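Comments concern the structure below.
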Amino acid sequence: MPYTTNYQCLPGLVAGADLSAAQFKVVKLATTAGQVVLAASSVLTQAFVLMNNPKSGEAAEVAYSGVVKALCGTSNLAIGELVGVTSTSTVVDTTTDNRLILGKALEASTAVNDLVSVLLIPGGVRY
């Protein structure tokens, strides 16, 4: 069962679009200062996990470290695998297409769109 614990959030951010259906998806900082949007790319320089479900302009709870629930984009994520970001703003095992390591899976997935616990690496790691 996915869980969260001791996660830290970036302060003062708002949703740059309607993210009311995006809780536990991966987000990135928008080009407009202080806003976040879905991270719809597998090649990023930074990424975070959205912990609430704000509408456009509402406060966004954006986790950058700790253990969080994240929506998984694959049915075969294994415990301990490093995770990156898919073009659907979900987490997936890292491949050559995922150049940002967001964290490490603490649970396995058995279906696409499973919620899994992920230990976030603050700021992510590019490779």
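The values are calculated or read from the model by the stated rules, or taken from the named source; none is laboratory data. All figures in this text were calculated on a predicted structure; none of them were measured in a lab. Don't worry about glycine lacking a Cβ; one is built from the backbone with ideal geometry, like all the others, and counts go over all protein chains shown.
Filter the range 24-39 down to the residues that are closer than 15 Å to GLY124 by Cα and β-branched (Val, Ile, Thr) and list them by number.
VAL26, VAL27
Listed here are the residues, each with its yes/no results for (1) within 15 Å of LEU50 (Cα to Cα); (2) touching a strand residue (DSSP E or B) at 6+ places or on another chain (Cβ under 6 Å); (3) polar (S, T, N, Q).
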| residue | (1), (2), (3) |
| --- | --- |
| VAL68 | yes, yes, no |
| GLY80 | no, no, no |
| VAL91 | yes, yes, no |
| THR110 | no, no, yes |
| VAL125 | no, yes, no |
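If a residue has to be over 12 Å from the mean Cα position of the chain (by Cα) and either farther than 16 Å from GLY66 by Cβ or of a type in the set (Lys, Arg) (or both) to count, how many in the range 7-28 make the cut?
Of the residues in the range 7-28, 10 are over 12 Å from the mean Cα position of the chain (by Cα) and either farther than 16 Å from GLY66 by Cβ or of a type in the set (Lys, Arg) (or both).
Can you tell me which condition ASP93 does not meet? The list is (1) modelled with pLDDT under 85; (2) among the charged types (D, E, K, R); (3) crowded, with 16+ Cβ neighbours inside 10 Å, and all the others hold.
(1)
Test VAL62 against the stated conditions and say whether it is under 13 Å from ALA39 (Cβ atoms), crowded, with 17+ Cβ neighbours inside 10 Å and in contact with a Cys (Cβ under 8 Å, 6 or more places away or on another chain).
yes
Count, please, the residues in the range 7-40 that happen to be part of a loop (DSSP other than H, G, I, E, B) and buried (at least 16 other Cβ atoms within 10 Å of the Cβ).
10
Given the criterion in contact with a Ser or Thr (Cβ under 8 Å, 6 or more places away or on another chain) and of a type in the set (Val, Ile, Thr), identify the matching residue among VAL68, VAL125.
Just one listed residue meets the conditions, VAL68.
Of all residues in the range 29-44 being under 15 Å from the mean Cα position of the chain (by Cα) and farther than 17 Å from SER65 by Cβ, which is modelled with the lowest pLDDT?
Result: SER42.
Residues being over 15 Å from VAL125 (Cβ atoms) and either modelled with pLDDT under 90 or outside any loop (DSSP other than H, G, I, E, B) (or both): count how many of those fall in the range 45-73.
Number satisfying all stated conditions: 12.
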